[in-house]
Amino acid sequence: MRHIFRYRSGFTLVELMVVVIILAVLLGIAIPVYFVLKERALESSTEAEMKNMVHAIELYKNDNGQYPPEDSFPADIAHYYQQLPSRDSWGSPYVYELTAESYQLKSSGKDKIPGTGDDIVFEEGNMVGEGAYHN
């Protein structure tokens with residue numbers, strides 16, 4: 001007597017499709033989360049660099065009685081911050097503006113457009129513009 005049903009090894013097309021769909025759903029969730037986390041990390045890195053630059057600016061003021069002039073920034077604070085970055089994590093230059101009594105240190109943020117809501121701004125040592133993610 002011959003076997004009517006033969007046992008076959010392997011996966012059916014339905015099983016393979018279920019696995020592919022599950023992987024697609026997981027990737028659909030994981031990829032956007034990855035990009036958000038990457039942007040948050042870039043923002044945190046920029047904030048940390050700016051905090052170090054602010055400390056260097058404040059040290060300069062303590063030593064010289066005034067904030068560094070705009071035309072010689074960042075060269076004047078290079079003595080206080082050995083690996084002074086000239087650009088933020090997105091590749092935009094830092095902007096230093098000096099007023100009569102204070103200064104502002106700015107990064108244009110992830111959109112690279114100055115004056116928008118994602119700018120990171122320090123004024124007289126305090127962060128006043130918190131960026132896109134408000135770390």
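The values are calculated or read from the model by the stated rules, or taken from the named source; none is laboratory data. Just so we're clear, the structure is a prediction, and the values are computed from it rather than from any experiment. Quick reminder, even Gly has a Cβ in these numbers, built from the backbone with ideal geometry, and neighbours come from all protein chains shown. We work out accessible area using only protein heavy atoms, side chains counted, and drop any ligands, DNA or RNA first. Shrake-Rupley method; radii C 1.70, N 1.55, O 1.52, S 1.80 Å.
Among the residues of the stretch 108-120, what is the count of those that are in contact with a helix residue (DSSP H, G or I) (Cβ under 9 Å, 6 or more places away or on another chain), open to solvent by less than 50 Å² (accessible area, probe 1.4 Å) and over 17 Å from Ser86 (Cβ atoms)?
The total comes to 1.
Within the set of pairs 6 or more residues apart or between chains, which connect a residue that is touching a residue at least 40 places away in the same chain (Cβ under 8 Å) and under 14 Å from Lys61 (Cα atoms) inside the stretch 92-108 to a residue that is open to solvent by less than 60 Å² (accessible area, probe 1.4 Å) and not in a strand (DSSP E or B) with Cβ atoms less than 6 Å apart?
Tyr103/Tyr67
Sort out which residues of the stretch 30-69 are under 21 Å from the mean Cα position of the chain (by Cα) and among the β-branched types (Val, Ile, Thr), and write them in order of number.
Ile31, Val33, Val36, Thr46, Val54
Scan the stretch 20-39 and give yes if some residue there is of a type outside the set (A, V, I, L, M, F, W, C) and surrounded by 14 or more Cβ atoms within 10 Å (Cβ to Cβ), otherwise no.
Looking through the stretch 20-39, at least one residue is of a type outside the set (A, V, I, L, M, F, W, C) and surrounded by 14 or more Cβ atoms within 10 Å (Cβ to Cβ).
Can we say Glu15 is within 19 Å of Ile120 (Cβ to Cβ) and either open to solvent by 50 Å² or more (accessible area, probe 1.4 Å) or within 27 Å of the chain's Cα centre (by Cα) (or both)?
no
Please specify each residue of the stretch 58-91 satisfying the condition of being surrounded by fewer than 13 Cβ atoms within 10 Å (Cβ to Cβ) and under 22 Å from Ser44 (Cβ atoms).
Gln82, Gln83, Ser86, Arg87, Gly91
How about the stretch 92-107: which of its residues are open to solvent by 40 Å² or more (accessible area, probe 1.4 Å), part of a loop (DSSP other than H, G, I, E, B) and either at pLDDT 90 or above or of a type in the set (A, V, I, L, M) (or both)?
Ala100
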